[in-house]
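The values are calculated or read from the model by the stated rules, or taken from the named source; none is laboratory data. Quantities reported herein were computed from a predicted structural model and do not represent experimental measurements. Positions of Cβ are generated from backbone atoms using ideal geometry, with glycine treated the same way; all protein chains shown enter the neighbour counts. Calculation scope for accessible area: heavy atoms of the full protein, side chains included, ligands and nucleic acids excluded. Shrake-Rupley method; radii C 1.70, N 1.55, O 1.52, S 1.80 Å.
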Amino acid sequence: MRLRAIAWCSFALFVSAASAETLAVYPAAVQLDNQTDLQRAIAVGTREDGVTLDRTAEATVTFAPEGIAAWEAGKLRPLANGETVATFVYGDQTVAVPVKVQNAETNPSPSFRNDIVPVLMKAGCNSGACHGSFQGKNGFRVSLFGFDPMMDYVNLTRDNRARRLNTGSPQESLMLTKATGQVDHTGGTRFTHESPLYKVIERWIAEGAKDDPAPPPDLTGIEILPKSAVLEGKGVKLPFMVRGIYADGTDRDVTDLTLLSTSDDLTATIDNMGVVSSGDRGEANIMARYGTFAVVSQAIVLPEGLALQWPDVAERNYVDQLIFDKLKKLRIPPAELCSDETFVRRVYIDVLGTLPTVDETKAFLADTAPDKRDRLIDALIQRPEFPELWAMKWADLLRVQTVANTIDRKALQRYNDWLRQSITANKPLDQLVRELLTAQGGSFTVPATNFYVAEPSPTQMAENVAQVFLGIQIKCAQCHNHPFERWTMDDYYAFSAFFAQVGSKGSSDPRERITFDRRSGEVNNLKNGQVMAPKFLGGAAPDCSTRDRRAALAEWITAPDNAWFAKNIANRVWDQFFGRGITNPPDDVRVTNPPSHPELEDALAKRLIEYQYDLRKVVRDICTSYTYQMSTQPRDPSIKDERNFSHALVRRLPAEQLLDAVCSVTDSKVKFPNLPLGARAAEVADGPSGNYFLTLFGRPARNTVSACERRSEATLAQVLHLVNGDTVTAALKAPGGRVERLSVAEKPPVDIVQELWLAAYSRMPDAGEQEKFSAYIAAAPDKRAAVEDLFWSVTNSKEFVFNH
């Protein structure tokens, strides 16, 4: 601790409270499309240390030319058609914002779909706990989160003789008197008379409570501004705003109609007007939901006056640069580098899934070259264990398992061999995915077709493909629009339509299935029975009239401009080496589960594309970084961080690696079904492994494509099995194993302890361990029993069971 304190004091001061600021104004450009189109603008100052401050009220605003727009109460208001520039000035900082005004003389009526339905969302009326539930509430029902506006309009204006609306006296409408608490309402008061929500509904009713005369412009997206903020001290306020973007090229300020929330109320809260207030130190995601879209912004809260002493650590590549950038914002110093002993064990486990041998550890520790870690990484990614590990990981996702009456053992083995051979040959991952998705033929001759044999349902195929290759879970949209995501029922069934024409039939061998393109078959939307044409998620509908629909899908998924594929692959690779994804879990990509480091996720994806999906090159980038080689001990133990990679996380070894580690340390062998004696657990092809140890320690049966099917939590049963189960017992008793070899009379106790420590921990025992355990063996009347006791203790230790 004293050495650490001395080192800490020697660090250079990184940052202190800064006086200089840069000014930004959001949005950067404004378009006002009618008389009622008001756009709030936010002026944000950013200090040199990254802290953001609200300067809206203090900034002065001028227009050139004048008379086109005005600045009132924090909003830009149209005056006349034309173009002008609003200039915001704070201190010596000046920002020019172009403003375009059109249709300044028009005052459009409220749109039911674009104004009233969002009010129902904002007030919580169409949530599952209120009138949006399947059976409604107190005799009144609207669609969940407004996914069926036609039904909502009919129920509001026609149900029970339109008793909820009074167009002659709008303020007496039940829709308003209940929401404002004037009439008893189970849901309580939802808004006040002064609320923008009240005013838009009142005007809509007063003008006849009309439906939209024609379909209004579709909402194509929303944005929240600013994208991120750093707040210093408690109680600091910063306004955020939300804009809706429409298909006709218009936009509008929808902050008042947006459902706003934060991921951590202790760190930051947000009110109905979009003003964020800081709380305890931490990081919160500000979520904005409007229509079928949701977006997030990041808010970091720091204690007032907190300075960061940044250690003298070098950025080795883009990984470190982007990790360090955020750590500096958070005022968290990165951990020290791990020791060579820790590194060699960690990198063997992560890259190969095995422990280094005693000789490999000795050679690495004895090497004094400054680049020895980089050279070791280069050597490991070329070894045959590397593709075996990744074949196993892909086999988990692609459900490589025997399935009764569909996939038999021969097909399973061909499927697994195809995966292993593809990765061994360094086949680009985008090519592998295209081959898999477009596979046709017999399950023996074209092993990739087993992907379809395992799951014949078009909707389940769509769910699996979206989750495995894009990281997106769309299952919720099967029965209703996703409550917190952009995916609708139309999206779900249109994506499923890509698999509607996948055919399957038998062959001359009753064990084999043949997959083919039937050129017929459709998917119907559960909501209305409509036949759905194939459409990419969040994208266009391709012309598949003359080609296999799956070929079009495969091209879109693996295209360089696909928003999800490369990031999903890169994120899964990152998860392998850090125990958590940048988006975590890696197969749950959604707006409400944002990545911790979006710029890093983008950078890894970009490199993966540049490397033509060469997995080894991305692995090298990650493993050679300072970030990967950090110690598990935080440099500042008072800061609790498990999300931002400021130190390495301690991780329990996965089932296969733990069993292989037991075999490696004891030099014993396990017989797995259909594999030769001594095969590694990572080579087991079938999901149901037939091995109790692997099942107990969380190896997935591959019943689903979900990453969470592999379990890593510790259980009492696992502890008991390591303590007195037959796996460790058999390994200790193995004829010709390490225990037997080290138990011979001429083997000095000192050498026994050293070899065991190197085999299990990749380090030499310290002086206390060496003395204590050597003495224990020397004094034992039965040397073999003493050596077994020592091995048993080591294989049950936390240092052995965990990767650190």
For region 16-55, which strands (runs of 3 or more DSSP E) that fit wholly inside it have 1 or more residues that are under 12 Å from Leu76 (Cα atoms) and more than 29 Å from the chain's Cα centre (by Cα)? 30-32, 42-47
Residues of region 531-543 being out of contact with any Asp or Glu (no Cβ under 8 Å at 6 or more places or on another chain) and touching a residue at least 24 places away in the same chain (Cβ under 8 Å), in sequence order, are Ala533, Pro534, Phe536, Ala541
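Looking for something open to solvent by 60 Å² or more (accessible area, probe 1.4 Å), among the small types (Gly, Ala, Ser) and not in a loop (DSSP other than H, G, I, E, B) - is there at least one such residue anywhere in region 470-493?
No, because not a single residue in region 470-493 is open to solvent by 60 Å² or more (accessible area, probe 1.4 Å), among the small types (Gly, Ala, Ser) and not in a loop (DSSP other than H, G, I, E, B).
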Going through region 722-732 in order, the residues found to be free of Cβ contacts under 8 Å to residues at least 40 places away in the same chain and either open to solvent by 30 Å² or more (accessible area, probe 1.4 Å) or part of a helix (DSSP H, G or I) (or both) are Asn724, Asp726, Thr729
Does region 284-292 contain any residue that is touching a Lys or Arg at 6+ places or on another chain (Cβ under 7 Å), surrounded by 19 or more Cβ atoms within 10 Å (Cβ to Cβ) and modelled with pLDDT under 95? yes
All conditions in (1) open to solvent by less than 60 Å² (accessible area, probe 1.4 Å); (2) out of contact with any strand residue (DSSP E or B) (no Cβ under 9 Å at 6 or more places or on another chain) are true of Pro781 except (1)
Taking the options Pro735, Pro765, name whichever one is at pLDDT 95 or above and not in a helix (DSSP H, G or I). Pro765
Restricted to region 91-130 and to residues being assigned to a loop (DSSP other than H, G, I, E, B) and among the charged types (D, E, K, R), the residue least open to solvent (accessible area, probe 1.4 Å) is Glu105
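For every residue, the table says whether it meets (1) surrounded by 19 or more Cβ atoms within 10 Å (Cβ to Cβ); (2) among the polar types (S, T, N, Q).
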| site | (1), (2) |
| --- | --- |
| Arg375 | no, no |
| Pro384 | no, no |
| Ala391 | yes, no |
| Ile407 | yes, no |
| Tyr415 | yes, no |
| Trp418 | yes, no |
| Asn426 | no, yes |
Which residue, of Ala454, Ala462, is of a type outside the set (Asp, Glu) and more than 15 Å from Arg549 (Cα to Cα)? Ala454
Those residues of region 550-602 which are within 30 Å of Arg519 (Cβ to Cβ) and among the acidic types (Asp, Glu), in sequence order: Glu555, Asp561
Give the residue, chosen from Ile423, Ile377, that is under 24 Å from Trp556 (Cβ atoms), not aromatic (Phe, Trp, Tyr) and not in a loop (DSSP other than H, G, I, E, B). Ile423
When Trp556 is evaluated against the numbered criteria (1) open to solvent by 20 Å² or more (accessible area, probe 1.4 Å); (2) among the aromatic types (Phe, Trp, Tyr); (3) in contact (Cβ under 8 Å) with a residue 40 or more places away in the chain; (4) part of a helix (DSSP H, G or I), which criterion, by number, is the only one it fails? (3)
Residues located in region 430-469, provided they are in a loop (DSSP other than H, G, I, E, B) and of a type outside the set (Ser, Thr, Tyr): Ala439, Gln440, Phe444, Val446, Ala454, Glu455, Pro456
Just checking, which of Pro170, Pro149, Pro226 is closer than 30 Å to Leu302 by Cα and modelled with pLDDT of 85 or more? Pro226
Output the qualifying pairs, or none if there are none: Cβ atoms under 7 angstrom, residues six or more apart or on different chains, first residue in region 236-265 and over 19 Å from Val117 (Cβ atoms), second residue assigned to a loop (DSSP other than H, G, I, E, B) and small (Gly, Ala, Ser). Pro239/Gly274; Phe240/Gly274; Met241/Gly274
Please indicate, with yes or no, whether at least one residue in region 159-173 is under 28 Å from Asn34 (Cβ atoms) and under 38 Å from the mean Cα position of the chain (by Cα). no
Output the residues belonging to region 62-90 that are of a type outside the set (Gly, Ala, Ser), without any contact (Cβ under 8 Å) to a residue 40 or more places away in the chain and buried (at least 19 other Cβ atoms within 10 Å of the Cβ). Ile68, Thr84
Pairs only if they're at least six apart or on different chains, beta carbon under 6 angstrom, first in region 411-438 and closer than 17 Å to Arg399 by Cβ, second basic (Lys, Arg); list them, first residue then second. Leu437/Arg550
Close pairs (7 angstrom Cβ cut-off, 6 or more residues apart or separate chains): assigned to a strand (DSSP E or B) in region 275-298, among the aromatic types (Phe, Trp, Tyr) and surrounded by fewer than 23 Cβ atoms within 10 Å (Cβ to Cβ) anywhere: Arg289/Phe484; Ala294/Phe484
For Leu257, are the conditions met, namely being touching a helix residue (DSSP H, G or I) at 6+ places or on another chain (Cβ under 7 Å), open to solvent by 10 Å² or more (accessible area, probe 1.4 Å) and either under 30 Å from Pro216 (Cβ atoms) or not acidic (Asp, Glu) (or both)? yes
Sort through Ala439, Ala466 and tell me the only one that's open to solvent by less than 20 Å² (accessible area, probe 1.4 Å), more than 11 Å from Thr515 (Cα to Cα), touching a helix residue (DSSP H, G or I) at 6+ places or on another chain (Cβ under 8 Å) and modelled with pLDDT of 95 or more. Ala466
